[in-house]
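Heads up: the structure comes next, in structure tokens.
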Amino acid sequence: MKHPSCRPTHGLAVRPIRTGALVAGGLATLALVACGSADTSSTDSATTTAATASTDATFKGGQSIGGKKILFIHANDAGNVFDKPVIAGADAAAALTGLKVDTQFSNNDDKQLRSIFQSGVAEKVAGIIVSVPDASLNKPICAARQAGIPVMAWNVNGVTGAATSCVMAFLGQDFVQTGAVIGHRMINDGLIKQGAKVFCPVEYPNSDYAAKRASGVNEALKSIGAKCDVVGVGADQAKAKTTIVQYLLGHRDTNAIVSLGGTPNSVAVAAVKQAGLSDVKLGGFDLTPQIIDGIKQGKIAVTADQQPYSQGFFAVMQMATYLKFGLFPSSIATGGTGLVDKSNVDLVASLVPDYR
């Protein structure tokens, strides 16, 4: 894994998105920032990253935190393209602060994720940063806080009820808002028309991010009498492609695909081609090399970048400032409402997948 510059990349101006109450006008800006697109070439289940160059000498004042270990739990597997910039951002922040970041992957297995979390609590790590797929972590997270371990959520925050107060901050996309933005953009550009048949493939339809993105997209589609048909395709690209092809063969009247995750968005172009359809409009979420290529070729109209580098960077930085100075972390809606399309794709292409 390459270590990036310690400075996060800046936003990129894109053309206005006319979305009624969501965006009043002017330039939408990609600010720094669910589930990403899987690259199945790696089978490692866990990896450990650590700050090696910095100590408290470069992060002065407050409590000494040099060498303290924090646990950073990913829901995906170690080969997932989405997680690469997350790790790069976390490593950059660790190098600045002297924290040691223990990066663990749960391979899209909720039971394994809970086990990793509880092991961190038993080990009494200095802090835990975790992607929370659903409410199954409610009790473990609150138990960790009662044990004096700070907990922050990143990428997905599926805690519910009283447990919401046990998560100190969330760093990730506003899924509902961004879903509405992508839906309105495709409508305003004439890609989705009155009464259109819209397919919304997503890795895990029962996950918090999937439900919220679908809600946002449907909020936009309601204005033209359309509705998003949500189907789970998993995180493996080959299986996702097969599922999408099968759906399209059974629903040949599909007019548009709004992929609610990076995996389906990465394979949508190939799936449409295999299904023998020629006029299906494509849009969705995340940035992968395949999505970049699809935008450059004019086959994917637009995608929402949740900017995972900043999810890793700011999560670790805020954990460090809390441990060192007692500064309570703030929630950050990473990615804002900016979109990547053909007008600005060349500006971000070289940053994928190391920083974007």
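No lab work stands behind these numbers, since they all come straight from the coordinates. What you are looking at is a predicted structure, and each value in this text was computed from that prediction instead of being measured. Quick reminder, even Gly has a Cβ in these numbers, built from the backbone with ideal geometry, and neighbours come from all protein chains shown.
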Rotationally averaged projected area of the range 72-149 (alpha carbon convex hull; nm²): 5.1
Per 10 Å bin, what is the whole-percent P(r) computed from every C-alpha pair distance within the range 96-189? 15, 43, 25, 12, 5, 0
When you count, for each residue, the other Cβ atoms within 10 Å and take the mean per peptide, how do 86-92, 141-147, 336-342 rank with the highest first? 86-92, 336-342, 141-147
Placed amide H near Lys281: partners under 5 Å, 5+ positions off or other chain: Ala256, Ile257
Starting from a Cα-only point model with no solvent, please compute log10 I(q)/I(0) by Debye for the range 281-321 at q = 0.22, 0.23, 0.25, 0.29 1/Å. -0.67, -0.70, -0.76, -0.91
Excluding residues fewer than 8 positions from Lys111 in its own chain, the aspartates and glutamates with Cα under 16 Å of it are Asp77, Asp134
Once amide hydrogens are built 1.01 Å from N within the peptide plane, the residues lying 5 or more places from Gly67 or on another chain with amide H under 5 Å from its amide H are Leu99, Lys100
Go from 0 up to the bin containing the longest alpha carbon distance in the range 238-356, width 10 Å each, and give me the % of pairs per bin. 13, 38, 25, 15, 7, 2
Determine the shape class of the range 294-356: with a ≥ b ≥ c the square roots of the Cα gyration tensor eigenvalues, call it rounded for a/c under 1.5, and otherwise prolate if a/b is greater than b/c, oblate otherwise. prolate
Using a Förster radius of 22 Å, what is the FRET efficiency between Ser223 and Lys197 based on their Cβ-Cβ separation? Nearest 0.05, please. 0.85
So which of Lys222/Lys296; Lys197/Lys222; Lys193/Lys222 end up more than 22 Å apart, counting from Cα to Cα? Lys222/Lys296
For the range 175-304, max minus min Cα coordinate along each principal axis, in Å, sorted largest first? 33, 30, 29
